[in-house]
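So the structure is just underneath, and the comments pick up after that.
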Amino acid sequence: MKRILTWLFPLLLSGWIVADLLIPRQVDLRQFDPAEVARLDGLMWRSYYERKPLLLFWQSAELLRKQVHAPFWRSFVISYHAAKAAFVFKDGKNRADYNRALPDLNAFYEGINQLSKRPVDVSKAARNELEWWIIRREREQHPPAEWAALQTQVVADLYHVPPATCTDYGRLRTEAMLFRDQRGEAITEADWQRIDNLLRQSYQSLYQAVNISSAP
């Protein structure tokens, strides 16, 4: 029996991984828990600023399972591209450096596209995602309202709703970013709690917007 289990377990595990990665699956992206997604997004912010790429990778995979219903193993493949793009960008100094994150952002959004019942414009989503990352660093030329507008456009395209319906998402998320930047190295647990609250409001507004806008 022990010998049977010795070869049976790896066989079953391999079958699970292959099925998880290859069997097509399409879901309604509108269905997610906004509070849980906000919690995980906040944890990812901390991992990014504290330069913890492995933790960010793990948290991103969990976020993908909660927000876009990615299967277990596939969530890690998609998350790899998200985490890699984030830290390639983080170490960049100019637009040429930042653009090195674009292939992984394309792969990230392609992973989401393969899961979505409705098609995602992968190239547009990746370009807009990277662009708001960039203009946030170029704040002398690009005020926060532009960051908010691009973030709003990304989710509007992802969920197929008019941008005007989800402006609160971009506004609240940008408010959280500005507060994080203001606090800098002096940030405290209470500050992170305030950021979490803003993110929770942001995702709650997004959830309401995409479900009301998409209602029959």
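Let a ≥ b ≥ c be the square roots of the eigenvalues of the Cα gyration tensor of segment 19-67; is it rounded (a/c under 1.5), or, if not, prolate (a/b larger than b/c) or oblate? The shape class here is oblate.
Segment ILE23..GLN114, full-extension length gain: 31.7 nm, with 0.36 nm per residue of separation and the alpha-carbon distance subtracted. Just how far, in whole angstrom, is segment 165-216 from segment 146-160 if you go by their alpha carbon centroids? Each part reduced to its Cα centre gives a spacing of 13 Å. By the beta-carbon count within 10 Å of each Cβ, the least crowded to most crowded order of ASP157, ASP104, fewest first, is ASP157, ASP104.
So, in nm, how far is label HIS160 from label GLU138 when the simple model puts each one 7 Å beyond its Cα toward the Cβ? The modelled label-to-label distance comes out at 3.3 nm.
Amide H contacts of SER116 (H built 1.01 Å from N, in plane; Pro and chain starts excluded): VAL27 sit under 5 Å, all sequence-distant by 5 or more or on other chains. What angle, in degrees between 0 and 90 and rounded to the nearest 10, separates the Cα long axis of helix 72-90 from the longest principal axis of the Cα atoms of the chain? Rounded to the nearest ten degrees, it is 40. By other beta-carbon atoms within 10 Å, ranking LYS66, LYS84, LYS124 with the fewest at the front produces LYS124, LYS66, LYS84.
Applying 1/(1 + (r/R0)^6) with r as the Cβ-Cβ distance of ASP91 and GLU36 and R0 = 30 angstrom yields a FRET efficiency of 0.50. How would you classify segment 91-216 from its alpha-carbon gyration tensor, with a ≥ b ≥ c the square roots of the eigenvalues: rounded for a/c under 1.5, else prolate if a/b is greater than b/c, otherwise oblate? It is oblate, given that a/c is not under 1.5 and a/b is not larger than b/c.
Checking the a/c ratio against 1.5 first, then a/b against b/c, what shape does the Cα gyration tensor give for segment 42-141? In terms of gyration-tensor shape, oblate. Counting every other Cβ atom within 10 Å of each residue's Cβ, THR174, THR165, THR188 order from fewest to most as THR188, THR165, THR174.
Since every read-out is calculated from the coordinates, none of them should be taken as a lab result. Keep in mind the model is a prediction, meaning the values are calculated, not measured. Positions of Cβ are generated from backbone atoms using ideal geometry, with glycine treated the same way; all protein chains shown enter the neighbour counts.
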